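Engineer: I'd like to ask some things about the structure below.
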Amino acid sequence: MKIRRFLSALLAAVLLAGLLPTSALAAPARSGLSAKDQKVYDMLHREVGRVLSGTSASTIFSLTFEGFQSVWTASELGVKSIVSGDGIALDAAEALADRMAAFCTDDPQKILLALLADLPYDLYWYDKTAQTGYGLDLGYPAFRASMNEDGEWILYPSAYDPDHPTDRVPVTYQFQLPVSGDYGYAHLFTGKRKSVGSAQSIVAKYAGKSDYEKLLGYAAEICELTDYDKNSSGSKYGDRWQVTNVFDGDKSTKVLCEGYAKAFKYLCDLTKFDSSRIECRLVSGLMQSVPGENGRVTSGSHMWNIVTMDDGRNYLVDVTNSDMNGGPEFLFLKGGVPVYGVYTFQDYFTYTYDEQTKKVWNTLDLVLATEDYKRPAQTAPAKETPKSEPSGTKQQNAAPAGSAPSVTVGQVVGQVLSTDIRAYVNGAEIPAYNIDGRLAVLVSDLNRYGFVTSYENSLRKTTVKRDRNAKAFSSVPSAASGLPVGSPVMSVYSTDIVVEMDGRRVEAFNVDNRMAIYFSELKEYGTYGYDNAARASSVTLYN
């Protein structure tokens, strides 16, 4: 009788991924597995290493587990009978197969998810969107039955030889990992190991910096090395999702969110931080934004990073949306309080963890600090890469960007205050604040109101350009609008980053890792006015 029972699972396109080189594996996801599954994880890890080194070209991994009970009675299997008619009873065969599988592993899918969370670079060839198989390799026939000396039917795997009885037999469990078309076909790996030498050079570049400077610098470097691939619709899973497209030295090889998140984790995993508490994780789920983004931000399945900092708390880092909204500081080390499991940042980005993320990580790994991370005093942010952000009304003579202040870059020089004055662009409210007694807005917010922002780290410059194709905008009130007027909202830091609007340099401020400008700078683009009775400033943009 042939019983070949092979379990398979379709892994979604947004599976967790990790980026550790085999030699530097930290394996935080491995620690969440049972002791039994940690052993399976280690066996698969070794097999993956053989593929990566070129020792093996097959990605069908057959693992052998010694010591399985060889002979089973009906009562031991929990069934009525071993035989049915002239063959083995189906429920008896299934019961034995279940015991054999449970002998090998507790949760094979969780093992794969943990490998993806810890080894995303090593598994760059693995097509997670294709069908991945795992299960017993039973051979043929799978089982045999006979009567023992007591006249009782017994069932045993075909590996057992009644002529040479033994108490234990080996069991073979198999994992089949499909290969992306970029690197081979079916289960044969034919590609070559991708170069990530530039990753090590980036880590070396920031070796003498503080932990905060390292992290911010890594985000900035990634934004410089690659861009978001907006033309990936319909593409098969491959390079666009991988860290290799970030560190290959080719600016034309763009990536999607998974590539950004993997690259950031990869750099973190290569780094020896001053604080042993710092750890970077890959998470995935649903990211949504309010209407009016004009195509600047993608909503849907997403991957980002959670970083545990030296204070032991967790913070969100989203290099993808930072790169698309002015610079690495836009969504960098953010904290927040979830509402019904949903985190909201910058007023209009929402994040919800998917079930696979919650399967791999425990709750404490995913809960964020209630407030944004505060950079340590006397620490200069190595890579202040903001994405166009706001200022506000009067405070303490905050030093504008590029003004060569007498203070060190990254030093607190003022406060952003709440204000009762509202700001509007073409009738749509934009979050507004008070910096030095004047109304200010975040540069990154301008992406939603008829402008496009970008950041060049090598020039330490944020560029703002008018997008005349953008017509209709959606109102987003300031998160500080409900506070008493004059309440401190954010800190202003000295910075060497400058902001240019269509070639015109404007006064700008670093506001908690984001750039801000005065709202009045928009009067160059339209009709500007202020209504004191309504406590509102407005700009109607020229067509």
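Engineer: In nm², what is the average projected area of the convex hull enclosing the Cα atoms of the range 181-261?
Structural biologist: Approximately 6.1 nm², given one-decimal rounding.
Engineer: Excluding residues fewer than 8 places away in the same chain, name every one of the aspartates and glutamates whose C-alpha is closer than 13 Å to that of residue 251.
Structural biologist: Reachable aspartates and glutamates: 221, 224, 227, 229.
Engineer: Right, another one. Taking only the alpha carbons of the range 109-267, what extent do you get along each of the three principal axes, in Å, biggest first?
Structural biologist: 75, 39, 23
Engineer: Quick one: in the chain, what % of C-alpha pairs are over 30 Å apart?
Structural biologist: Result for the distance tail: 55 percent.
Engineer: Here's another thing I want to ask about it. List the residues of the range 91-110 whose backbone N lies under 16 Å from a point placed 7 Å from the Cα of residue 146 along the Cα-to-Cβ direction.
Structural biologist: Flagged as within label range: none.
Engineer: If you don't mind, there's one more thing I want to ask. Hey, could you get me the Stokes-Einstein D for the range 8-189, Kirkwood radius over alpha-carbon pairs, 20 °C and 1.002 mPa s, rounded to whole µm² s⁻¹?
Structural biologist: 119 µm²/s
Engineer: Longer than 26 Å from Cα to Cα, which of 209/262; 205/359; 128/214; 128/265 are they? Say none if no pair is.
Structural biologist: Going by Cα-Cα distance, 205/359; 128/214 fall outside the 26 Å limit.
Engineer: Something else about it: Could you tell me how many degrees, from 0 to 90 and to the nearest 10, lie between the Cα long axis of helix 108-118 and the main elongation axis, the longest principal axis, of the Cα atoms of the chain?
Structural biologist: For 108-118 against the chain, the angle is about 40 degrees.
Engineer: Let me ask another. List the aspartates and glutamates whose Cα sits under 15 Å from the Cα of residue 471, skipping any in the same chain fewer than 8 residues away.
Structural biologist: Those aspartates and glutamates meeting the cut-off are 293, 429.
Engineer: Given H placed 1.01 Å from N in the peptide plane, which residues other than close sequence neighbours of residue 491 have an amide H under 5 Å from its amide H?
Structural biologist: 416, 512
Engineer: Report the semi-axes of the equivalent ellipsoid for the range 116-178 in whole Å, largest first, where each axis is √(5λ) for an eigenvalue λ of the Cα gyration tensor.
Structural biologist: Ellipsoid half-lengths, sorted descending, are 39, 12, 8 Å.
Engineer: Another question, then. Taking every eigenvalue of the Cα gyration tensor of the range 412-541, multiplying by 5 and rooting it, what semi-axes result, largest first, whole Å?
Structural biologist: Listed largest to smallest, the semi-axes of the range 412-541 are 21, 20, 12 Å.
Engineer: Specify which residue in the list 157, 61, 366 is farthest towards the positive end of the charge dipole of the chain, using unit charges on the beta carbon of Lys, Arg (+1) and Asp, Glu (-1), about the Cα centre.
Structural biologist: Final value for the positive-end residue is 366.
Engineer: Right, next: Would you kindly calculate the translational diffusion coefficient of the range 197-366, applying Stokes-Einstein with the Kirkwood radius from alpha carbon pairs, for 20 °C and a viscosity of 1.002 mPa s, and quote it in µm² s⁻¹ without decimals?
Structural biologist: Estimated diffusion coefficient is 131 µm²/s.
Engineer: Efficiency by 1/(1 + (r/R0)^6): what FRET value for residue 340 and residue 163, r their Cβ-Cβ distance, R0 = 60 Å, to the nearest 0.05?
Structural biologist: Approximately 0.40, to the nearest 0.05.
Engineer: For residue 110, list the aspartates and glutamates whose Cα falls under 19 Å from its own Cα; do not include residues on the same chain fewer than 8 positions away.
Structural biologist: 37, 42, 47, 98, 118, 122, 127, 354, 355, 365
FYI, it's all coordinate maths here, none of it is from the lab. For clarity, every value in this text was computed on a predicted model and none was experimentally measured. Virtual Cβ from ideal backbone geometry, glycine too; neighbours counted across all protein chains shown.
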